[in-house]
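**Q** I have a structure here, written as structure tokens, and I will follow up with some questions on it.
The values are calculated or read from the model by the stated rules, or taken from the named source; none is laboratory data. Note that the structure is predicted; figures quoted are calculated from it, not measured. Here Cβ is always computed from backbone atoms with ideal geometry, including for glycine, and neighbour counts include all displayed protein chains.
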Amino acid sequence: MDLSYSPEEIAFRDEVRAFLDEKLPKDLAEKIRRGGHPDKAEQEQWHAILNVRGWLAPNWPREFGGAEWNAVQRHIFEEECAFASAPRIVPFGLSMLAPVLMKFGSKEQCGHYLPRILDGTDWWCQGYSEPGAGSDLASLKTRAVREGDHYIVNGQKTWTTLGQYADWIFCLVRTDPNVKQQEGISFLLIDMNTPGVEVRPIILLDGTHEVNEVWFTDVKVPVENLVGEENKGWTYAKYLLTHERTNIAGVGFSEAGLASVKRMARAEMSGGKPLAVNPHFAARVAKVEIDLMAMATTNLRIISKAAVGQAPGVEASMLKVKGTIIRQEINDLARRAAGPYAMPFASELVEGDNDPIGPDYAGPVAAKYFNNRKLSIFGGSNEIQRGIIAKVKMGG
Amino acid sequence: MDLSYSPEEIAFRDEVRAFLDEKLPKDLAEKIRRGGHPDKAEQEQWHAILNVRGWLAPNWPREFGGAEWNAVQRHIFEEECAFASAPRIVPFGLSMLAPVLMKFGSKEQCGHYLPRILDGTDWWCQGYSEPGAGSDLASLKTRAVREGDHYIVNGQKTWTTLGQYADWIFCLVRTDPNVKQQEGISFLLIDMNTPGVEVRPIILLDGTHEVNEVWFTDVKVPVENLVGEENKGWTYAKYLLTHERTNIAGVGFSEAGLASVKRMARAEMSGGKPLAVNPHFAARVAKVEIDLMAMATTNLRIISKAAVGQAPGVEASMLKVKGTIIRQEINDLARRAAGPYAMPFASELVEGDNDPIGPDYAGPVAAKYFNNRKLSIFGGSNEIQRGIIAKVKMGG
Amino acid sequence: MNFDLTEERQMLQDSLRRFLKDRYTTDTRNRIIDSDTGMSDEIWTALAELGVIGALFAEEQGGFGGAGFDISTVFEELGRAGVVEPFLDTAILGGGLIAALGDDAQKQMVEEVIGGGLHLAFAHGEPTSRYDLSRVETSAKSDGDGIVLNGRKAVVVNAEAAGRIIVSARESGDAGDEAGISLFLVPAGTDGMTLRGYPLMSGGRAAEVTLDEVRLPGSARLGAAGAAFPAIAAQVAAANVALAAEAMGAMETAVELTREYLMTRKQFGRPIGTFQALAHRYSDLLIEMEQARSAVINAAGHFADPARERDRHIASARNLIGRVGRLVAEESIQMHGGIAMTQEYELAHIAKRIVMTDHRLGDTDYHLERFIDLSAA
Amino acid sequence: MNFDLTEERQMLQDSLRRFLKDRYTTDTRNRIIDSDTGMSDEIWTALAELGVIGALFAEEQGGFGGAGFDISTVFEELGRAGVVEPFLDTAILGGGLIAALGDDAQKQMVEEVIGGGLHLAFAHGEPTSRYDLSRVETSAKSDGDGIVLNGRKAVVVNAEAAGRIIVSARESGDAGDEAGISLFLVPAGTDGMTLRGYPLMSGGRAAEVTLDEVRLPGSARLGAAGAAFPAIAAQVAAANVALAAEAMGAMETAVELTREYLMTRKQFGRPIGTFQALAHRYSDLLIEMEQARSAVINAAGHFADPARERDRHIASARNLIGRVGRLVAEESIQMHGGIAMTQEYELAHIAKRIVMTDHRLGDTDYHLERFIDLSAA
């Protein structure tokens, strides 16, 4: 047993830190630190900076322009990015579509799409969820009917994150309605500029626009946009779900969030003393810090297995559940810490250049608390994860 | 809305208090207060004292020698008894069998058994649960086969509380194995002195002997010991379960227990100060006190409905769940409060006259914590109660 | 012992519930939230006519209620419908303080409030006072016959709409002393008082109020100099009964929406409410709702008790409501899934009302500490 | 970064697990608990031969381990099997203190301990000291060349079996001071020392130890006068690693018993583990078990750090293990139902081991406070 990083890993971490220190735009980091969301241009700027360094695609093989890092390196990179308040890398093209293309796509598809993902030509979004499907993903209804060298697509996707920015969408569509649910699904790439594709915003409860409905009305999609074989889409979707869950635990986000809570608690006064020394608040902070210290080690244990090639299975579900519980608890602590100044609805102020109302840390905390309720819902709800864990572990 | 007792109710409470003050044996109360269990003689002594006063059967009609109290009076009595550390009334004959006999039994059965319950001639126990049945009560296997004017009973009951003291047992037995589970069950009264009845102790995890297995091997039971009709036993059992759940919330026990925790916390020193002012311990106590204050009002709300004749339905299940959670939490607090002196295994010391090890309050707390895990398991587990609540309340 | 509402309160509850169900739909309410003023004058007037404000004042104050159960009855219904109009600020806090401390001339305003014609705001909290009621640094200095106020007030709900803002200021003592605090009626637009308004996370509006050499006549003072604290504590107690009841009403809606959703939404071919894990968690919500209801009853029922006992029950209720409220809001969202995350769905607003209650007049931990202090022998 | 056990520790773990599975059955263990001495000499000797005690001491102390992961590896297995024999008291506390402070003559005893031939006990806690390590009121007064002890020691585990009892006593300072505390080796049967023995709730035995004018030669002192506290703190840290690991091992057994029960026990015609509510709660236990395992790894892995950092990780682990332990014990019993309430079922003992750990060397709240104090900048 050895809980510390190897000299090589420490050198890598220092390299990442130096890079972030030099290349991450200060104003962008400050915006993220204050709870803001990067706009499209800012997001693309950051992707471009990473791409120049060859770090935009940590998990891609070098032959495609990736960094080919192992799990420990990826973890170090993600943790340092979280601490530096870097924008998240938008994962849809880079971490979700790309691995599917590399594994199941044609040589032509890889040659065409992968470079455009890296250089930012194409912004991708994901078309999995449908209204009425929820956690029962395979019950999807969007139909694709082959007509000559095209599919005609009709239906509706929902919860499409950042679909308003996207050039392309990868979709699960039903190509055979007469077989068992999972067996009639195909994996299709659709140009968002095709006539009949419509994006409608969904405003979330904190007032943000980050997800969308995407409607398809007689959308013509060339058959060469099919990935792999027709009616095998479910296999590809599952591959994506099980093999590309990086940063599931969100340790870096939690650590950065907890550090922020502690700063707030030192600044806030309660009964004439800093909130940080209020025993009830201190107990809440301590408990979540203790939970996080343990989870960080669990995460490293799983990562160090992954680094030597053991794919995380049910452990990923465990990290998802505990990781979201901890992140949401930290969001709750931030909300509490802000006191009455959590009340202003400040999202437009955070985005713009207005002076904050109250202390600058207070503005985004309530919005973030509400927004991050999604963590335990989207991406396979915690209920689904618990079901998976029980099924696998009870064996029988 | 009026949260206070009426003048009549206050007068009744004072009457109960005066009675307990005068008639409850001091040494017995002290034993109970210190966590001891009354032995058979002590239990019978207390029953006799109550019977002289006409208060042994609070829910019986006056014609059978009961007090015929309404729900509020019963609640007041139970609460005062808990505060005074009176032994619990053993419920099997008085609150469980008796109502079934009054409702479904013959005139002869009522005339014979009820007076003997009141005067202590017969100590009853309950033969419902069987090994392997658990919460699925109706799957019982104990068989009663009619042969002439007798039933021949074979099988096994378990979790029979205080069966080691009992003269009689009322049992659910299967009289028709060829119909649906619930339809072949009968309600039978069995003399424990009949040949073939064997009582085997079950020692619980805290070392106490309060439950037993009862084995039946070719036990001859006269047919006149059948209550009501053959194969209708499930109806009678359900009547018992739904109509005789008094003191489900255990408010009095919780209030007495919490008062005891507070006394302990004032006496225990932690870091040079009373544990009572330690903010973390104080927070635990305050939370459970707040929960208890609310539950006490919920309890009174339901009782005041019951007092005007509205039978509590699903509310009883709610009280059961919350009541046991609160009682168990108080048991946990008592264990914590005692510190290292919770460690001695002191049950024989509590029972006897030995000096306690450490403060006298510390002896029973760990045993009680473990023993009272039963609260959420026996008498319809909290899982069963949650299922009932959801089923009833979701309507549909 | 009697847990039934009086006939009058039952009627008020019924008519209020009916009115809000018909007129205060999700769409209407969301349009109100998006409006410039963050409230609807039409709704305000209609509710005033229904007697909502009058029910919050005692007969001798010109109303027909004012008891704990009047407050809880009204606010439970306001909470159930997710009403964002500032009854708490104009009536309970503003009107209540004038009724408690005002002279005859000042008390005229209570009548206006009851009629729905006057809005008030209570500018008490300051940028660093958090939930501490006695931490007042805003100063009031006598200057001849007049008074000069200087200071800053934080998150003053309904300040922009208020015809009068009731400002607390210190005439003597140190920040943290209960003695020395006075209240002043400051008309909207008074020189030296500036408002920076903004919308609130759960609807309605507030403002940062800056007082820079604000000159007032001596007659602007409410009650005796430096002696306002007991009245502030009493009206804050009333406001806490209201907040507890309002959150409880909102929680009822959350649980009812969850019930409907669990019964109608199907996954894997059956209503999701038939999945045992969700069914049991739903049961836990119902159990805790009974706790919440009882906590509000206790707070309302002990409202007329001596201050210490009153405040102990109120702290108890706000702590319990805070804990159960968070559970109900989070579990309701979780059991709904994504739909509950969308602004247009009723639960989104209701959940925000429940959770953001925790930021007014003391959060869950603050009230736990209060309870511990007030319970100490 | 490497989370694999070394080959030596893996072998120790394997042989220990195999031995205990074969030889330390529920029946055997329950007979041991019911015996007069509350332990088995045969098991003790066999485990000493397997190297269980030697693994707890460093090479320079005569053992072949002594690192955090040695302690955690051994105690996880002892916990898994619910072992009641007092390795914590004889080896970690007793032997550890002698190894840390003893002179050459005294250190001879460590060899005896490692060989399994000597029992020790650490008489430190007092009737009102609770978990406070520095609150020592027992006094040690010099009398010529000798020392006289007076005082009372509470819940001294393994006192009756111990050939030597290590008694802490104050030579200077006030109760609560870290400075001024010394340790003395008191042979069993010394005049003036009386033991009142009793069994413990979770197995094994302890005693109340009264010291009434106990006269010792100066050579009975371990280390320098009044300077024992750092060594006490270090051995208590080791004991806390052991307790955390032991509880974690016991929790593994509880969860595994629960898994087996959920899969085999049928109700309403199907294994109860297929009921979703129980399945989800079982999943939560597994998730928390990973947390518990990581907490033990952190405590063991930081055992050689400077005292403050060491103790912060240890407090963290004991707090987490306390919380998760209670959850695991209570949920395992609840999911089993009545069977888990019976003394003869393995889980009954295992649950008691888990919960009662909370009463040794600091409970969950004590360690939370320690963590807060040690985390403060």
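**Q** Within region B:286-345, how many residues turn out to be outside any helix (DSSP H, G or I) and either facing chain C (nearest Cβ under 8 Å) or small (Gly, Ala, Ser) (or both)?
**A** Residues flagged as outside any helix (DSSP H, G or I) and either facing chain C (nearest Cβ under 8 Å) or small (Gly, Ala, Ser) (or both) within region B:286-345 amount to 3.
**Q** Given the conditions (1) buried (at least 18 other Cβ atoms within 10 Å of the Cβ); (2) more than 20 Å from A:Glu229 (Cβ to Cβ); (3) touching a Pro at 6+ places or on another chain (Cβ under 9 Å); (4) modelled with pLDDT under 95, and given that A:Leu205 satisfies all but one, which numbered condition is not satisfied?
**A** So the condition that A:Leu205 fails would be (3).
**Q** Looking at (1) touching a strand residue (DSSP E or B) at 6+ places or on another chain (Cβ under 8 Å); (2) at negative phi, which one does A:Gly358 not meet, given that it meets all the others?
**A** The one condition A:Gly358 does not meet is (2).
**Q** While we're looking at this one, here's another question. Do you know which residues across region C:266-280 are more than 7 Å from every other protein chain (Cβ to nearest Cβ), assigned to a helix (DSSP H, G or I) and surrounded by fewer than 21 Cβ atoms within 10 Å (Cβ to Cβ)?
**A** Hit for region C:266-280 is C:Thr274, nothing else.
**Q** Just to verify a result, which residue in region A:319-348, among those that are farther than 23 Å from A:Gly363 by Cβ and basic (Lys, Arg), is farthest from the chain's Cα centre (by Cα)?
**A** My answer is A:Lys322.
**Q** Please give the number of the condition B:Gly272 fails out of (1) at positive phi; (2) surrounded by fewer than 20 Cβ atoms within 10 Å (Cβ to Cβ); (3) in contact with a helix residue (DSSP H, G or I) (Cβ under 9 Å, 6 or more places away or on another chain).
**A** Tallying (1) at positive phi; (2) surrounded by fewer than 20 Cβ atoms within 10 Å (Cβ to Cβ); (3) in contact with a helix residue (DSSP H, G or I) (Cβ under 9 Å, 6 or more places away or on another chain), B:Gly272 fails exactly one: (3).
**Q** Looking only at region C:18-32, decide whether some residue is free of Cβ contacts under 8 Å to residues at least 24 places away in the same chain, touching a Ser or Thr at 6+ places or on another chain (Cβ under 8 Å), in a loop (DSSP other than H, G, I, E, B) and not assigned by TED's automatic domain parsing to the domain that holds C:Gln235.
**A** no
**Q** Sticking with this structure for a sec: Is there a residue in region B:65-72 that is under 19 Å from the mean Cα position of the chain (by Cα), within 14 Å of another protein chain (Cβ to nearest Cβ) and not in a loop (DSSP other than H, G, I, E, B)?
**A** Yes; the residues of region B:65-72 include at least one that is under 19 Å from the mean Cα position of the chain (by Cα), within 14 Å of another protein chain (Cβ to nearest Cβ) and not in a loop (DSSP other than H, G, I, E, B).
**Q** Continuing with this model, one more query. When you check D:Ile297 against the structure, is it closer than 16 Å to A:Ile388 by Cα, within 7 Å of chain A (Cβ to nearest Cβ) and out of contact with any strand residue (DSSP E or B) (no Cβ under 9 Å at 6 or more places or on another chain), yes or no?
**A** no
**Q** Quick test for you: out of D:Val255, D:Val296, pick the one residue that is within 25 Å of the chain's Cα centre (by Cα), surrounded by 24 or more Cβ atoms within 10 Å (Cβ to Cβ), closer than 30 Å to D:Val74 by Cβ and in the same structural domain as D:Gly322 (by TED's automatic domain parsing).
**A** D:Val296
**Q** So, one more: Taking the criterion of being more than 10 Å from chain B (Cβ to nearest Cβ), over 27 Å from B:Asn299 (Cα atoms), out of contact with any Pro (no Cβ under 8 Å at 6 or more places or on another chain) and modelled with pLDDT of 95 or more, would at least one residue in region C:313-334 satisfy it?
**A** Yes.
**Q** Continuing with the same structure: Scan region A:377-391 residue by residue and report those that are more than 13 Å from chain D (Cβ to nearest Cβ) and either farther than 17 Å from A:Leu137 by Cβ or surrounded by 22 or more Cβ atoms within 10 Å (Cβ to Cβ) (or both).
**A** A:Ile377
Yes or no, residue by residue, for (1) in contact (Cβ under 8 Å) with a residue 40 or more places away in the chain; (2) of a type in the set (D, E, K, R); (3) surrounded by fewer than 18 Cβ atoms within 10 Å (Cβ to Cβ); (4) in a loop (DSSP other than H, G, I, E, B):
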residue	(1), (2), (3), (4)
B:Gln126	yes, no, no, no
B:Tyr151	yes, no, no, no
B:Gly155	yes, no, no, no
B:Thr160	yes, no, no, yes
B:Cys171	yes, no, no, no
B:Asp176	yes, yes, yes, yes
B:Glu183	yes, yes, yes, no
B:Ile190	yes, no, no, no
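**Q** Which of the numbered conditions does D:Leu5 fail, given that it passes all the others? Conditions: (1) of a type outside the set (Gly, Ala, Ser); (2) assigned to a loop (DSSP other than H, G, I, E, B); (3) at pLDDT 95 or above; (4) touching a helix residue (DSSP H, G or I) at 6+ places or on another chain (Cβ under 9 Å).
**A** Checking D:Leu5 against (1) of a type outside the set (Gly, Ala, Ser); (2) assigned to a loop (DSSP other than H, G, I, E, B); (3) at pLDDT 95 or above; (4) touching a helix residue (DSSP H, G or I) at 6+ places or on another chain (Cβ under 9 Å), the one that fails is (3).
**Q** Just to be sure, is C:Lys153 within 12 Å of chain A (Cβ to nearest Cβ) and charged (D, E, K, R)?
**A** yes
**Q** Follow-up question, since we're still on this one. Out of region D:290-337, which residues are in contact (Cβ under 8 Å) with a residue 40 or more places away in the chain and more than 25 Å from D:Ser375 (Cβ to Cβ)?
**A** D:Val328, D:Ala329, D:Glu331, D:Ser332, D:Met335, D:His336
**Q** Out of B:Ser95, B:Ser85, I need the residue that is under 18 Å from the mean Cα position of the chain (by Cα) and either on the phi > 0 side of the Ramachandran plot or part of a loop (DSSP other than H, G, I, E, B) (or both). Which one?
**A** B:Ser85
**Q** Taking interchain pairs and intrachain pairs at least six residues apart, which have beta carbon atoms under 8 angstrom, with the first residue in region D:252-271 and closer than 16 Å to D:His349 by Cα and the second of a type in the set (S, T, N, Q)?
**A** From region D:252-271, the pairs are D:Ala254/D:Ser332; D:Val255/D:Ser332; D:Leu257/D:Ser332; D:Thr258/D:Ser332.
**Q** Still on this structure: Taking the criterion of being modelled with pLDDT of 95 or more, of a type in the set (D, E, K, R) and buried (at least 24 other Cβ atoms within 10 Å of the Cβ), would at least one residue in region C:258-265 satisfy it?
**A** no
**Q** Still on this structure, I have one more. Being hydrophobic (A, V, I, L, M, F, W, C) and within 13 Å of another protein chain (Cβ to nearest Cβ): is that true of D:Met201 here?
**A** It is true that D:Met201 is hydrophobic (A, V, I, L, M, F, W, C) and within 13 Å of another protein chain (Cβ to nearest Cβ).
**Q** Among the residues of region D:59-92, write down those that are among the aliphatic types (A, V, I, L, M) and in contact (Cβ under 8 Å) with a residue 40 or more places away in the chain.
**A** D:Ala67, D:Ile71, D:Val74, D:Leu78, D:Ala81, D:Val83, D:Val84, D:Leu88, D:Ile92
**Q** Of the conditions (1) assigned to a helix (DSSP H, G or I); (2) surrounded by 21 or more Cβ atoms within 10 Å (Cβ to Cβ); (3) more than 12 Å from chain A (Cβ to nearest Cβ), D:Leu285 fails just one. Which one is it?
**A** (3)
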